[in-house]
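Right, one structure below, let's go through it.
Every number in this text was worked out from the coordinates using simple rules, so none of it is lab data. Model, not experiment: these values are computed from the prediction. Glycine gets a Cβ as well: all are built from the backbone with ideal geometry, and neighbour counts include every protein chain shown.
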Protein chains: 2
Amino acid sequence: MHQEDLQDVTEAVTETQSERQPKGSDERKTMTRGPGRRLHGALAHKLGTAILSGQYAPGDVLPGEVAFAEELKVSRSAYREAIQVLAAKGLVASRPKAGTRVLPRERWNLLDPEVLAWAFAGEPDVAFVRDLFELRSIIEPAAARLAAHRRTKDDVRVMREALAAMRRHTLTTDAGRAADRDFHDAILRATGNHAMVVLSASIGAAVHWTTQFKQRTRELPRNPIPDHARVLEAIASGDADAAAEAMGVLVDLALEDTRSSMERSGD
Amino acid sequence: MHQEDLQDVTEAVTETQSERQPKGSDERKTMTRGPGRRLHGALAHKLGTAILSGQYAPGDVLPGEVAFAEELKVSRSAYREAIQVLAAKGLVASRPKAGTRVLPRERWNLLDPEVLAWAFAGEPDVAFVRDLFELRSIIEPAAARLAAHRRTKDDVRVMREALAAMRRHTLTTDAGRAADRDFHDAILRATGNHAMVVLSASIGAAVHWTTQFKQRTRELPRNPIPDHARVLEAIASGDADAAAEAMGVLVDLALEDTRSSMERSGD
DNA sequence: GTCGCAATATGTCGGAGTAAATCAGGAGAT
DNA sequence: ATCTCCTGATTTACTCCGACATATTGCGAC
């Protein structure tokens with residue numbers, strides 16, 4: 001196999017931190033401020049993106065442990081730990097004598113934020129993005145409806161702050177996109193449903209990647225603030241139907257923007 | 001390459017996913033590993049259930065590698081690989097000098113089928129089960145609506161077969177519960193939405209565990225077949241509104257049954 | 001054709017050495 | 001004298017290594 005040398009991996013370790021965490025924005029204290037990814041983490045990232053990009057197709061069997069580890073210039077321990085990570089996410093499965101094989105796509109845990117990141121590391125699949133937005137168009141309006149019923153004053157306050165931050169920074173900046181994520185996250189939290197909050201990590205990641213992709217075209221088709229404000233007011237006033245409706249059009253418009261950007265870029 | 005062996009892999013993995021120990025022997029240790037379950041997998045199961053059951057609370061730091069591995073009578077390699085699995089699922093995070101800490105619940109990947117299984121290994125949290133059913137009541141009617149639009153003849157055939165199997169075995173048997181899962185799975189697949197199919201793995205697992213829990217009370221409150229049949233007919237005839245409606249009542253009734261069972265068992 | 005043996009690759013083990021992050025102590029400034 | 005900041009030392013996870021154990025597969029013998 002044509003393998004890039006280890007330098008590629010080692011370099012990715014130090015480079016990933018500066019790329020993901022810009023100096024300007026200091027993340028929350030609870031966030032993993034682990035600066036550098038470890039070797040097995042970088043390996044998992046490398047192999048994960050290779051699998052998600054189709055470089056290894058489902059059913060393929062990877063080279064043996066000793067051979068592959070040597071080829072990647074890492075010890076068997078580090079390689080095995082990386083494989084355990086991929087196995088935990090349903091990407092591969094190892095059996096003695098049979099080797100390590102890539103599992104069929106249905107087993108992949110695509111809702112895992114890390115897997116989602118790997119999926120968007122290369123060229124995103126248009127059909128998959130459409131599916132993700134369809135899922136959003138189901139989840140988020142329903143979440144907005146629940147939030148309109150159950151939101152506390154604190155929830156509303158967080159939403160207002162996030163919306164204000166969006167207004168200040170706009171979606172062209174990282175801070176603005178973070179505020180957008182906080183806004184949607186606050187709504188899902190306001191549902192009081194723990195399973196919903198967990199989904200927010202996945203959906204939030206999807207929104208993050210698609211929004212970032214949208215920015216590649218250097219074009220802002222529309223001002224998203226009014227849509228968000230409409231959702232916020234409906235939730236704050238406790239109007240469940242209006243909240244669901246407003247969130248529905250918000251997601252639809254976001255899909256429209258993203259799709260036009262992808263078509264423009266794809267063709 | 002060896003494409004003919006792919007079937008073997010899928011089969012083996014599917015088998016591993018389902019519970020591998022029909023004998024309820026030695027429930028205390030939960031580390032009894034049989035064929036197909038490696039030591040680090042069993043360790044991850046043991047530690048995962050310990051965390052999910054609250055034995056290790058978020059923020060807790062568990063003993064050092066050497067000490068804990070020795071206490072568990074395993075090598076550090078096996079222990080570390082188990083930790084990598086837990087870390088990949090967002091349950092823990094390890095840092096030099098700081099040790100391995102249990103992450104806050106928000107970062108747990110509760111939609112991971114394996115994590116879900118760990119959550120239901122002990123006494124399930126009533127609030128969490130309610131949240132899961134609320135999520136189902138959002139996802140599944142919407143899925144049924146989409147399925148009514150997009151289902152193929154093949155999808156309908158699979159649903160009919162699953163329903164027939166449910167009729168034959170009833171939910172008291174493993175085969176019946178598997179058929180129930182196949183039924184819901186077929187609907188989510190019929191949406192043609194890949195993200196939805198991925199969710200089916202999570203939701204299916206949740207349904208599996210709650211249904212099994214329902215059976216502990218040795219009581220069959222209601223015959224679920226008519227509800228399922230109503231959903232099936234609505235989807236087959238392409239009536240989206242009726243499909244969503246029928247699926248809504250199905251989930252509501254299932255929640256009602258489960259909740260009454262849990263209250264009875266809890267008190 | 002069935003049974004059993006052997007080859008092979010994953011799984012498990014324990015130890016040594018490296019890198020990193022935290023805590024404590026001391027030097028300097030206020 | 002108290003506080004802040006820097007520096008080092010210690011503790012801990014991380015990585016590597018080489019050997020052995022175990023399970024699965026496939027081939028050969030009966």
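Quantify how strongly other chains surround peptide A:105-117 by giving the mean number of their Cβ atoms within 10 Å of each of its Cβ atoms.
Details: counts 3, 8, 7, 3, 11, 6, 8, 7, 3, 3, 3, 0, 0.
Neighbouring Cβ atoms belonging to other protein chains average 5 per residue here.
Given H placed on each backbone N at 1.01 Å, which residues far from residue A:72 in sequence or on other chains put an amide H within less than 5 Å of it?
Amide H neighbours of residue A:72, under 5 Å, 5+ apart: none.
Residue by residue, what Karplus-based ³J(HN,Hα) values in Hz, rounded to whole numbers, does the stretch A:39-56 have, using 6.51, -1.76 and 1.60 with θ = phi - 60° and x for Gly and Pro?
3J(HN,Hα) across the stretch A:39-56, in whole Hz: 4, 5, x, 5, 4, 4, 4, 4, 5, x, 5, 4, 6, 5, 7, x, 5, 10.
What are the nm distances, shortest first, from residue B:123 to its equivalents in the other copies, labels at 7 Å along Cα→Cβ?
Those separations, rounded to one decimal, come out as 5.5 nm.
Round to a whole angstrom and tell me the spacing of the C-alpha centers of the stretch A:117-193 and the stretch B:40-56.
32
Explain nothing, just compute: Karplus ³J(HN,Hα) = 6.51 cos²θ - 1.76 cosθ + 1.60, θ = phi - 60°, for every residue of the stretch A:202-208 in order, whole Hz, x for Gly and Pro.
Here the 3J(HN,Hα) series is 6, 5, x, 5, 4, 4, 4 Hz.
Using the 7 Å Cα-to-Cβ label point, sort the distances from residue B:249 to its equivalents in the other copies shortest first and give them in nm to one decimal.
3.4
Mind giving me the nanometre distance, one decimal, between the label points for residue B:152 and residue B:68, set 7 Å out from Cα along Cα→Cβ?
Output for this residue pair reads 4.7 nm.
For an R0 of 45 angstrom, estimate the FRET efficiency from the Cβ-Cβ distance between residue A:49 and residue B:259 and round to the nearest 0.05. All intermediate terms of the calculation are to be shown ahead of the outcome.
Working: r = 43 Å, r/R0 = 0.96.
Computed FRET efficiency for residue A:49 and residue B:259: 0.55.
Efficiency by 1/(1 + (r/R0)^6): what FRET value for residue A:252 and residue A:168, r their Cβ-Cβ distance, R0 = 35 Å, to the nearest 0.05?
Working: r = 26 Å, r/R0 = 0.73.
Using R0 = 35 Å, I get an efficiency of 0.85.
By per-residue mean of other Cβ atoms within 10 Å, what is the highest-first order of B:57-65, B:136-144?
Values: B:57-65: 13.2, B:136-144: 24.1.
Descending mean neighbour count gives B:136-144, B:57-65.
For B:210, B:152, what ranking results if the residue with the fewest other Cβ atoms within 10 Å of its Cβ goes first? Before the final figure, lay out the partial values.
On the way: B:210 23, B:152 11.
Fewest-to-most ranking of B:210, B:152: B:152, B:210.
Can you sort B:262, B:159 so the residue with the fewest Cβ neighbours within 10 Å comes first?
On the way: B:262 21, B:159 25.
Fewest-to-most Cβ neighbours within 10 Å comes out as B:262, B:159.
Residue by residue through B:86-98, how many Cβ atoms from other chains fall within 10 Å of the Cβ on average?
On the way: counts 1, 6, 14, 5, 5, 0, 0, 2, 2, 4, 2, 0, 1.
What the average comes to for B:86-98 is 3.
Using 0.36 nm times the number of residues separating residue B:239 and residue B:175, minus their current alpha carbon distance, what extension gain do you get? Could the numbers behind the result be given before it?
Details: separation 64, 0.36 × 64 = 23.04 nm, distance 2.96 nm.
Residue separation times 0.36 nm, minus the Cα-Cα distance, leaves 20.1 nm.
Report ³J(HN,Hα) in whole Hz for each residue of the stretch A:73-79, in order, from the Karplus equation J = 6.51 cos²θ - 1.76 cosθ + 1.60 where θ = phi - 60°; Gly and Pro get x.
Residue by residue, the stretch A:73-79 yields 6, 10, 6, 4, 4, 4, 4 Hz.
Taking a label point 7 Å from Cα toward Cβ, how far is residue A:77 from its twins in the other copies, in nm, shortest first?
Label point to label point, same position, other copies: 1.0 nm.
Per the Kirkwood definition applied to all pairs of different Cα atoms, how many angstroms is the hydrodynamic radius of the stretch A:123-266? Mind dumping the intermediate values first?
Working: mean 1/r = 0.0666 Å⁻¹.
Value: 15.0 Å, from the Cα pair sum.
What order do you get for A:79, A:56 when you list them from fewest to most C-beta neighbours inside 10 Å?
Details: A:79 23, A:56 18.
Ordered from fewest to most neighbouring Cβ atoms within 10 Å, A:79, A:56 come out as A:56, A:79.
Going by amide H atoms built from the backbone, whose H comes under 5 Å of the H on residue A:93, apart from near neighbours?
Sorted by chain and number, the residues that satisfy this are A:101, A:103.
Starting from a Cα-only point model with no solvent, please compute log10 I(q)/I(0) by Debye for the stretch A:160-203 at q = 0.26 1/Å.
-0.81
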